[in-house]
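The block underneath contains the structure these notes are about, expressed in structure tokens.
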Amino acid sequence: MPSPLAAAFAATVLIGESFVGDGANAAHTNVVIGRKGGPVETAWATALATPSAGHVPFLTVVRPSVPVKPLTLFVNKAAADGERHERATWGSAQAGLAQGVLDAVAEGLLPAEEADELLVIAAVWVNPAVDDLDASFRNQRAAAHGAIRAAVTGSPSVSDALAAAEEGAANPFYAPSSEVLAASAPEAAAR
């Protein structure tokens, strides 16, 4: 039976994000963590029961017939496209997600004594141009662990996000020039 203190873990929804690596083998993972009987369970079951073309959520396994604990739903952000991308999605990225979640349990980020009462939804980006399954695994393992750490610790803080915005929004797919940042600022639009 879970302790009263442990029952407070993930009493509300926890959300985290992590991006690891670069190029075609990078991993971008978003996680939602919550308790069975709450809104995450509804979202988890709904996503599993309502696949769409190219997006088929599935239960993450550490080995065949050994699901990860807490039960983790793998939701692919990119439709599987070609044999290598399929092997990366269902193979290396799934294995990396499984290992990253279990690393978080082993480290105590996710309490082992509560694992059967928790659910994780992981939205996972695997680039269709992936070309190295081992790099895909390593990056996904680190991204899964990092996203869980962010969710559990509530990072980044609001002040961290505001400090990053001072430098200007940017991501691996786009970084606006300083001229575009200045011209698009609210005070510039008001002129």
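The values are calculated or read from the model by the stated rules, or taken from the named source; none is laboratory data. This structure is a prediction, so every number in the text was calculated from the model and none was measured. With ideal geometry, Cβ positions are generated from the backbone for all residues, glycine too; neighbour counts draw on all protein chains shown. Side chains included, ligands, DNA and RNA excluded: accessible areas come from the protein's heavy atoms. Shrake-Rupley method; radii C 1.70, N 1.55, O 1.52, S 1.80 Å.
Worth a mention:
- The one condition from (1) under 30 Å from Gly82 (Cα atoms); (2) surrounded by fewer than 19 Cβ atoms within 10 Å (Cβ to Cβ) that Ala122 does not meet is (2).
- Among the residues listed as Gly100, Gly96, Gly23, Gly16, the single one being more than 15 Å from the chain's Cα centre (by Cα) and either open to solvent by less than 70 Å² (accessible area, probe 1.4 Å) or closer than 30 Å to Pro172 by Cβ (or both): Gly23
- Set Val101, Val105, Val124, Val62: member being within 30 Å of Thr12 (Cβ to Cβ) and out of contact with any Leu (no Cβ under 9 Å at 6 or more places or on another chain): Val105
- Test result for Gly91, in contact (Cβ under 8 Å) with a residue 40 or more places away in the chain, on the phi > 0 side of the Ramachandran plot and surrounded by fewer than 17 Cβ atoms within 10 Å (Cβ to Cβ): no
- Only a single item in (1) under 14 Å from the mean Cα position of the chain (by Cα); (2) closer than 24 Å to Ala106 by Cα; (3) in a loop (DSSP other than H, G, I, E, B) is not met by Ala78, and it is number (2).
- Qualifying positions in region 57-85 - open to solvent by 80 Å² or more (accessible area, probe 1.4 Å) and of a type outside the set (Gly, Ala, Ser): Arg63, Pro64, Lys69, Asp81, Glu83, Arg84
- Members of region 127-150 that are crowded, with 24+ Cβ neighbours inside 10 Å, of a type in the set (A, V, I, L, M, F, W, C) and under 19 Å from His85 (Cα atoms): Val130, Ala143, Ala144
- Matching residues in region 37-50 - criterion: being closer than 12 Å to Phe74 by Cα and either in contact with a Pro (Cβ under 6 Å, 6 or more places away or on another chain) or assigned to a loop (DSSP other than H, G, I, E, B) (or both): Ala47, Leu48
- The numbered conditions (1) crowded, with 17+ Cβ neighbours inside 10 Å; (2) more than 16 Å from Val31 (Cα to Cα) are all true for Ser52 except (1).
- For Val158: the one exception among (1) loosely packed, with under 10 Cβ neighbours inside 10 Å; (2) of a type in the set (Val, Ile, Thr); (3) within 15 Å of the chain's Cα centre (by Cα): (3)
- Pair list, Cβ < 6 Å and 6+ apart or interchain, from region 172-183 residues that are closer than 23 Å to Asp22 by Cβ to residues that are open to solvent by less than 80 Å² (accessible area, probe 1.4 Å): Leu181/Gly168
- Qualifying positions in region 97-141 - touching a Ser or Thr at 6+ places or on another chain (Cβ under 8 Å) and more than 20 Å from Phe58 (Cα to Cα): Glu113, Val130, Asp134
- Count - residues of region 26-49 that are open to solvent by 40 Å² or more (accessible area, probe 1.4 Å), out of contact with any Asp or Glu (no Cβ under 9 Å at 6 or more places or on another chain) and in contact (Cβ under 8 Å) with a residue 24 or more places away in the chain: 5
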